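*Asks:* Have a look at this one before I ask anything.
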Amino acid sequence: MSNNFTIINNKLHIGNILAEQLVQEFGSPLYVYDASIIKQRFTDLTSSILYPKTIFHYACKANSNLEIIRLLKAQGAHIETVSPREVEIAFHVGYKPEEIVFTCSNLSYDELAWLIGNDVLVNLDSLTQLRRWGEIKSGSSVSLRINQGIGAGHHEHTITGGIQSKFGIDREQVQEAQKIAKQYDLQIRGLHQHIGSGILDERIFLLAMEKLLETAMQFPDLEYLDFGGGFGVRYHKDEQALEIASLGKKITKLLNAFMKSYGKELVVRFEPGRFFVAESGVLLTTVVEVKRNPHKTFVGINAGMNQLMRQAMYGAYQEIVHAGSVKGEEEQVSVVGNICESADFFAREQLLPTFSEGDVLAILDSGAYGYSMSSNYNARSQPAEILVDGDSARLIRKEYVV
Ligand SMILES: Cc1ncc(COP(=O)(O)O)c(C=O)c1O
């Protein structure tokens, strides 16, 4: 079982609080986040990359609850955004424009103009965006998102580099981008890439960094480089977790060497989302029915794919725990939700603890791309969210019912 949470008397605890008690108090389904895990992951990553001019921008798409953003802000995180509304959220929690980076494909002219008007640093995703920037604000500085031809991720839907990807300016169009910049008297001050999400192989991450550094040599006037997010977490016990301390050392070495040959110390940015928050979150649900068909057993819970869609969308694995009896008898079951869709599965034919009606079933590692990807499909609600800090638990968002 994931070692992020405590088991006392065979019962799941989040912080020092019994999971079952949280369900009794706040109901279910319920998203619960453990603040100490977020702080720990922030420290793990930021203390491993020691290049002095590094800034960490929390990719708030992973979990845009205001209190989670505030918590990371208090740790020292800047913020990464992908829609004008996320920028407004960043302003709302007190971020200054210079602490925000923005990247988005298929941005409308008006949206781009709004971002420029608000002094937000935009990593331009296409030649069209670059041209429009020039029309709106010629003579200014810009940053380009480059697709270096390398992508990686835990699923094809989370790969954002390579020729299949819609993201970024293709590396073969770099010279064209330079021409457009010249035409509008734009100075290219930043290069960005984000190759995908859920990367567990450090080699691909380092390789992609090297590629961007190679490209950076063609741009003599840079001030910053942004390597995106993508740091993966271990969802399944058979996966090899990223050795973040060792990766950090390699990244530091690579950056120090590059800056020497570039002849100037550039600002470096990373945009982690998942890594900071995924392991802090649990979706607590209640078993409403156990359907024992002749060939299969379905454990039915009071949550659905609208509330946590990673399994339905990516076939993702997340560990399931019987909160009231973590170790006990097991049987082969599927865990299914209450949405009218055949994809509404949280586990398929897995050996899991024997569940009965009323038991609390916890889906671990739900802190990233859980609530933030939820919807009101089937007119089901978006669950309440709770932040646990040691002995205290507080409501950080009410259940949203359509
Ligand atoms: C541009 C950009 N930066 C950062 C991230 C964060 O990725 P992750 O949560 O894998 O760190 C994403 C996620 O898709 C992204 O699109």
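The values are calculated or read from the model by the stated rules, or taken from the named source; none is laboratory data. Worth saying up front: this structure is predicted, and the values here are computed from it rather than measured. Glycine also receives a Cβ, built like all others from the backbone with ideal geometry; neighbour counts cover every protein chain displayed.
*Asks:* Any residue in the range 194-208 that is outside the structural domain of G273 (by TED's automatic domain parsing) sitting within a Cβ distance under 9 Å of a residue that is within 11 Å of the ligand (Cβ to nearest atom) and of a type outside the set (V, I, T)? List the pairs, counting only those 6 or more apart or interchain.
*Replies:* none
*Asks:* Exactly one condition in (1) within 14 Å of the ligand (Cβ to nearest atom); (2) modelled with pLDDT under 95; (3) of a type in the set (A, V, I, L, M, F, W, C) is false for I163; which is it?
*Replies:* (1)
*Asks:* Checking the structure you have, find out if any residue of the range 80-91 is small (G, A, S) and either more than 15 Å from the ligand (Cβ to nearest atom) or buried (at least 21 other Cβ atoms within 10 Å of the Cβ) (or both).
*Replies:* yes
*Asks:* Residues in the range 130-146: is at least one charged (D, E, K, R), within 13 Å of the ligand (Cβ to nearest atom) and surrounded by 23 or more Cβ atoms within 10 Å (Cβ to Cβ)?
*Replies:* Yes; the residues of the range 130-146 include at least one that is charged (D, E, K, R), within 13 Å of the ligand (Cβ to nearest atom) and surrounded by 23 or more Cβ atoms within 10 Å (Cβ to Cβ).
*Asks:* Residue check, M373 against (1) surrounded by fewer than 20 Cβ atoms within 10 Å (Cβ to Cβ); (2) touching a Leu at 6+ places or on another chain (Cβ under 9 Å); (3) under 15 Å from V32 (Cα atoms), all met but one. Which one?
*Replies:* It is condition (3) that M373 fails.
*Asks:* Turning to a different aspect of this structure: Which of the following residues is in a helix (DSSP H, G or I) and within 13 Å of the ligand (Cβ to nearest atom): L112, L72?
*Replies:* Among L112, L72, only L72 is in a helix (DSSP H, G or I) and within 13 Å of the ligand (Cβ to nearest atom).
*Asks:* Are there strands (runs of 3 or more DSSP E) fully within the range 263-380 with at least 2 residues that are within 16 Å of the ligand (Cβ to nearest atom) and in contact with a strand residue (DSSP E or B) (Cβ under 6 Å, 6 or more places away or on another chain)? List them.
*Replies:* Per the criteria, 267-270.
*Asks:* So, G304, is that one closer than 16 Å to V290 by Cβ and not assigned by TED's automatic domain parsing to the domain that holds K61 or not?
*Replies:* It is false that G304 is closer than 16 Å to V290 by Cβ and not assigned by TED's automatic domain parsing to the domain that holds K61.
*Asks:* Here's something else I'd like to know. Is there a residue in the range 221-228 that is within 16 Å of the ligand (Cβ to nearest atom), within 18 Å of F56 (Cβ to Cβ) and among the hydroxyl-bearing types (S, T, Y)?
*Replies:* Of all residues in the range 221-228, those within 16 Å of the ligand (Cβ to nearest atom) come to 224-228.
Keeping just the survivors that are within 18 Å of F56 (Cβ to Cβ) gives 224-228.
When the remaining residues are screened for being among the hydroxyl-bearing types (S, T, Y), the result is 224.
Looking for residues that are within 16 Å of the ligand (Cβ to nearest atom), within 18 Å of F56 (Cβ to Cβ) and among the hydroxyl-bearing types (S, T, Y), one finds at least one in the range 221-228, hence yes.
*Asks:* Further question on the same structure: Do we find a residue being at pLDDT below 95, basic (K, R) and at negative phi anywhere in the range 184-201?
*Replies:* no
*Asks:* Go through (1) within 14 Å of the ligand (Cβ to nearest atom); (2) under 20 Å from V268 (Cβ atoms) and name the single condition R203 misses.
*Replies:* Result: R203 fails condition (1) only.
*Asks:* Next question, about the same structure. If a residue has to be in contact (Cβ under 8 Å) with a residue 12 or more places away in the chain and either more than 14 Å from the ligand (Cβ to nearest atom) or among the polar types (S, T, N, Q) (or both) to count, how many in the range 238-249 make the cut?
*Replies:* 8
*Asks:* Could you pull out the residue among L213, L255 that is more than 15 Å from L45 (Cβ to Cβ), assigned by TED's automatic domain parsing to the domain that holds P52 and at pLDDT 95 or above?
*Replies:* Only one candidate passes the filter, namely L213.
*Asks:* Give L284, L361 a once-over and let me know the one that is aliphatic (A, V, I, L, M), buried (at least 18 other Cβ atoms within 10 Å of the Cβ) and farther than 29 Å from G196 by Cα.
*Replies:* The conditions single out L361.
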